[in-house]
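As structure tokens, the structure follows; a few thoughts come after it.
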Amino acid sequence: MDTSLAIGYLVPQFPTQTHAFFWREARALEEAGVRVQFLSTTRPPPDSCPHDFADAARERTRYLFPPKILDAVRGLALRPQRTTQAVGYVLGLRETPIVERIKLLMLVPTAMDLVNTVRQQGIGHVHIHSCATAAHLGALGNILGDLNYSLTLHGDLPVYGTDHPAKMQRARFVSAVTRPLQKSLESEIGKDRPYPLIWMGVDTKRFCPKPDRQPRAPSDPLRILTVARLNTAKGHIYCLRAIAKLREDGVDIHYQIAGEGAARRDIEAEIGKLGLGDHVTLLGSVSEQTVLSLLHETHVVALTSIGLGEAAPVAVMEAMACGVPCIVSVIGGAPDMIDTGRDGILVPQKDVAAIADAMERVATEPGLLDAMSLQARKTAEQTFDHRHNALKLYAAIKGEFEDL
């Protein structure tokens, strides 16, 4: 592959708890010989990323807001016609309320800063891992300085605001992390442009089954893990209720939850209400290495998300790479990730009985856990390896869409 094109890799508020995938993908590009400049919108709080790459990521990232205002103003003054067009772009966002459009005008100098940075760094293309406000930066950068940019859609379009055609019109391509998202782009934006399917990936060399892993004995408690921020949309409540139901039926379960967030008090209250205090452990935010250690000691990962926003959870890919089958809601790209009954089990959203049945099957059906474990690993290696998917992204940036 020709790796002569340097790219800017833009992730909003990078790095945070959920950004391990982005670091992996960019590092995979660098391993392949691509020069990568990390870019971000604003600097996140110092304690927002517990992973071991956090310091290196912050040191390598150029933050665009607040912009270098004098350089930005000078650049805007030198191109009055394009500046007028950029202001017109923002004010012309008809799906965005006027008050929000006025706020978005601050993106114009920030986009000028992005254009300046790209030129100074010799970057030929910027890939933006968002279709929210950061996507407007790409469009404005194209207006102001012919910025070449592309986007990745990580979830349902309504989650990422409005005026998506305006954000995407000038992009070289918009990739999707699941087939349903790919189809939504074709339906809502149009079929006259490429929407390559590029999975978010996992390091299948690092995330792999524990070499000396022992099969679960029938007398062992079933160990279940959820790795997700504590948010109502992640559906922890339904998993807890399913576990309470099984415990009433005599199934011995211990449940660990890794993650932090605004729903912590509600989750703690539900644990108390269900009498699960001795059987559930809230671990808080944990590092990527700790996630790996947890996966090596668990039997099943559960992610019972609800509503919109879930696409192709990396936590599920990491579990499958470690040979840990997953019980996952039918949501987003989950049906494309899991062959239910072979490498995991799909359950309807909010269906406590179905979640409990899936857990009981794993706990009691002879040979099922081991068989699904082997198949989950195979699926991860064949589909979710981050190095393979990173090269697919770079191929798209180079305009090579034939196999995507």
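Things to note:
- Charge-dipole axis of the chain as Lys and Arg at +1 and Asp and Glu at -1 on Cβ define it, positive-most pick from GLY155, PRO366, SER285: GLY155
- For the range 140-157, the Karplus equation 6.51 cos²θ - 1.76 cosθ + 1.60, evaluated at θ = phi - 60°, returns couplings of 5, x, 5, 5, 6, x, 6, 4, 7, 8, 9, 10, 10, 8, 9, x, 4, 3 Hz by residue, with Gly and Pro reported as x.
- For LEU222, nonlocal amide neighbours, meaning residues 5 or more places apart or on other chains whose placed amide H falls under 5 Å from its own, are ASP252, ILE253, HIS254.
- FRET efficiency for the pair GLN382 and SER293, taken as 1/(1 + (r/R0)^6) with r the Cβ-Cβ distance and R0 = 30 Å, rounds to 0.75.
- Taking amide H positions as modeled 1.01 Å from N, with prolines and chain starts lacking one, the residues under 5 Å from VAL347 and 5 or more places away or on another chain are VAL328, SER329, VAL330.
- Kirkwood-based Rg to Rh ratio, the chain, C-alpha trace: 1.00
- Residue-by-residue Karplus 3J(HN,Hα) for the range 387-395, coefficients 6.51, -1.76, 1.60, Hz, glycine and proline x: 5, 4, 6, 5, 5, 5, 4, 5, 4
- Rounded to whole Hz, the Karplus (6.51, -1.76, 1.60) HN-Hα couplings of the range 207-223, x for glycine and proline: 8, 9, x, 4, x, 9, 4, 9, x, 6, 7, x, 7, 6, x, 7, 9
- Here the label points at MET106 and THR42, each 7 Å from Cα along the C-beta direction, are separated by 0.7 nm in the simple model.
- Residues listed by number, the range 243-267, amide nitrogen under 16 Å from ASP52 label point at 7 Å toward C-beta: none
- Gyration tensor (alpha-carbon) shape descriptor, the range 222-383, a/c threshold 1.5: rounded
- Reported to the nearest whole Å, the Cα centre-to-centre distance from the range 175-217 to the range 339-389 is 16.
- Rounded to the nearest 20, the size of the Cβ-charge dipole of the range 222-383 about its Cα centre is 260 debye, with Lys and Arg at +1 and Asp and Glu at -1.
- Dipole of the chain, positive direction: furthest Cα of HIS136, MET200, LEU391, with charges on the beta-carbon: HIS136
- Applying 0.36 nm per residue to the separation of GLU31 and ALA371 and subtracting their alpha-carbon distance, the gain on full extension is 119.0 nm.
- Taking amide H atoms as placed 1.01 Å from N in the peptide plane, the amide H of THR281 lies under 5 Å from those of TYR255, GLN256, ILE257, each 5 or more residues away in sequence or on another chain.
- Taken about its Cα centre, the chain carries a charge dipole of roughly 1360 debye when the Cβ of each Lys and Arg holds +1 and the Cβ of each Asp and Glu holds -1.
No value in this document is a laboratory result; all are computed from the given coordinates. Note that the coordinates shown come from a computational prediction; the quantities given were computed from them, not determined experimentally. Cβ coordinates were reconstructed from backbone atoms using ideal geometry, including for glycine residues, and neighbour counts include every protein chain displayed.
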